[in-house]
Amino acid sequence: MERCLDRKEVISMKNISKIYKMGNSDYKALEDVNLTIKSGEYVAIVGPSGAGKSTLMNIIGCLDTATNGEYILDGVNTKCSDAKLAEIRNSKIGFIFQNYNLLPKLNILENVELPLCYLGLPNDKIREKALESLKKVGLDTHIKHKPTELSGGQKQRVAIARALATEPQMILADEPTGALDSKTGREVLNMLKDLNKEGNTIVMITHDKDIAAEADRIITIKDGRILSDSSMDKGVMV
C-alpha cells in the first residue's frame with residue numbers, strides 16, 4: 001500500500017468524549033479520543049464488548065454527536081444541526097451493517113437507489129449509479145430480487161453496493177462478517193480489500209482480532225480510550 005503521509009485527512013478527532021446520564025451519575029463511554037484517518041487507509045477498530053467501539057462508530061458515522069471535543073469529517077465540522085448532520089452522513093459515508101439493514105419490501109435495485117434519492121439526483125442518474133454499484137458486486141442480474149430471496153453473502157454484497165453508490169469519502173463497516181459463515185465472510189473481506197486497493201477509505205469495527213488483521217492499521221480501544229494504534233503494513237506511514 002502507498003504511503004499515506006501526504007494524503008488528505010478524512011477523519012480528524014480531537015479530545016472526543018461521550019458522556020451518558022445514568023440516573024444521578026455520569027457514564028463516560030469515550031474519553032479524550034484523538035484519531036486521524038487519511039484517504040485510502042484501511043483501518044480496523046477493535047476491542048471487547050463494552051470498550052466503546054459502538055459509541056465511537058456512531059460518532060464517526062455521524063449517527064451521534066460527541067459530548068466534548070471536535071470531529072472534522074472530510075473538512076466539515078460535524079458540530080451542526082441534525083438536518084445538516086444527516087446531509088453529511090448521507091453524502092460522505094457509506095454504511096455496511098452486520099445485519100445488512102435492507103428494506104424487505106424493496107427489491108435490491110431500489111435498496112441501492114435509496115441513499116441516492118436523498119442527494120436530489122435526477123431519476124435516470126440514480127438508476128445509472130445504482131446499476132453501476134450492483135455490477136461492481138456481481139449482482140446486476142438480480143436487480144428485481146427482494147432481500148428475502150438472497151443468501152446472506154448476497155445481502156451483504158447489496159449492502160456494499162449501497163455503500164458505494166453515493167461515492168462516499170469513507171466506507172464504515174460494522175462487523176461486516178458477523179452474520180456470515182466463514183467462507184462467505186472471507187469473500188466479503190476480500191471484496192473490502194479490493195475496494196481499498198481501488199482507493200476507497202475503509203473503517204471497520206470488529207471484536208474479532210483475526211478479522212481486524214485484514215486491515216493495514218489496527219486501533220485497539222478499551223474502557224473508552226485508544227489503547228494502541230499500529231500499522232500492520234510497515235510501508236504505511238500514519
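Calculate how steeply helix 152-165 sits against the longest principal axis of the alpha-carbon atoms of the chain, using the helix alpha-carbon long axis, and give the answer as 0 to 90 degrees to the nearest 10.
So the helix axis and the longest Cα principal axis differ by about 80 degrees.
Cut-off under 24 Å on the C-alpha distance; same-chain residues fewer than 8 positions from Lys146 excluded. Which lysines are left, in chain and number order?
Lys105, Lys125, Lys129, Lys135, Lys136, Lys155, Lys183
In terms of Cα to Cα distance under 19 Å, which lysines are near enough to Lys28, apart from those fewer than 8 places away along the same chain?
Lys14, Lys18, Lys53, Lys222
Contour minus end-to-end for Ser91 and Lys14, with contour as 0.36 nm per residue of separation and end-to-end as the Cα-Cα distance?
Residue separation times 0.36 nm, minus the Cα-Cα distance, leaves 25.5 nm.
Could you state the principal axis extents of the C-alpha atoms in region 68-170, from the largest down, to the nearest angstrom?
In descending order, the Cα extents are 44, 30, 23 Å.
How big is D for region 105-162, in µm² s⁻¹ as a whole number, if Stokes-Einstein is applied with the Kirkwood radius of its Cα pairs at 4 °C and 1.567 mPa s?
The estimated diffusion coefficient comes to 117 µm²/s.
Looking at region 162-224, which GluC sites (Glu not before Pro) are DSSP coil and have at most 10 other C-beta atoms within 10 Å of their C-beta?
Those satisfying the criteria are Glu198.
How big is the accessible area of Lys53 in square angstrom, nearest 10, if you roll a 1.4 angstrom probe over the protein chains?
About 20 Å², ignoring ligands and nucleic acids.
Per residue, what accessible area does the chain have, given a 1.4 Å probe and all protein chains present, in Å²?
Dividing the accessible area of the chain by its residue count gives 50 Å².
Pop a pseudo-label 7 angstrom from the Cα along the beta-carbon direction at both Leu119 and Cys80 and give the gap in nm to one decimal.
The two pseudo-label positions are separated by 1.6 nm.
On a straight-distance basis, which lysines could pair with Lys84 in a cross-link, Cα separation under 19 angstrom, same-chain partners fewer than 8 positions away excluded?
Filter leaves Lys92.
Of all accessible surface on region 61-194 at a 1.4 Å probe, what whole percent is carbon and sulfur?
Here it works out to 47 percent.
Once region 62-112 is represented by equal point scatterers at the alpha-carbon sites, with solvent omitted, what log10 I(q)/I(0) does the Debye formula produce at q = 0.15 Å⁻¹?
Here log10 of I(q) over I(0) equals -0.54.
Once fully extended, how much extra length lies between Asp26 and Lys146, figured as 0.36 nm per residue of separation less the alpha-carbon to alpha-carbon distance?
Computed gain between Asp26 and Lys146 is 38.8 nm.
Tell me the label-point distance for the pair Arg7, Arg225, using the 7 Å Cα-to-Cβ offset, in nm and rounded to one decimal.
According to this spin-label approximation, the distance is 2.9 nm.
Could you work out the pair-distance distribution P(r) of the chain from its alpha-carbon pairs, with 5 angstrom bin width and percents rounded to whole numbers?
For the chain, the binned pair fractions read 1, 7, 14, 18, 19, 17, 12, 8, 3, 1, 0, 0 percent.
What distance in nm lies between label points placed 7 Å from Cα along the C-beta direction at Ser182 and Ile72?
With each label placed 7 Å out from Cα toward Cβ, I get 4.5 nm.
Any chance you could look up the accessible area of Asp32 with a 1.4 Å probe, heavy atoms only, rounded to 10 Å²?
The value for Asp32 is about 80 Å².
How big is region 119-238 on each of its three principal axes, counting only the C-alpha atoms and giving the largest first in Å?
46, 31, 28
So what are the three principal axis dimensions of region 1-119 from its Cα atoms, in whole Å, longest to shortest?
Projected onto the principal axes, the Cα atoms of region 1-119 cover 45, 44, 31 Å.
Counting only C-alpha contacts under 8 Å and six or more residues apart, can you give the relative contact order of the chain as a whole percent?
Relative contact order here is 29 percent.
Based on the Cβ-Cβ distance of Asn101 and Asp210, what FRET efficiency does E = 1/(1 + (r/R0)^6) give at R0 = 22 Å, to the nearest 0.05?
In this case the efficiency is close to 0.35.
The values are calculated or read from the model by the stated rules, or taken from the named source; none is laboratory data. The model shown is predicted, which means the values in this text are computed figures rather than measured ones. Quick reminder, even Gly has a Cβ in these numbers, built from the backbone with ideal geometry, and neighbours come from all protein chains shown. Accessible surface is based on the protein model in full, side chains and every heavy atom, while ligands, DNA and RNA are left aside. Shrake-Rupley method; radii C 1.70, N 1.55, O 1.52, S 1.80 Å.
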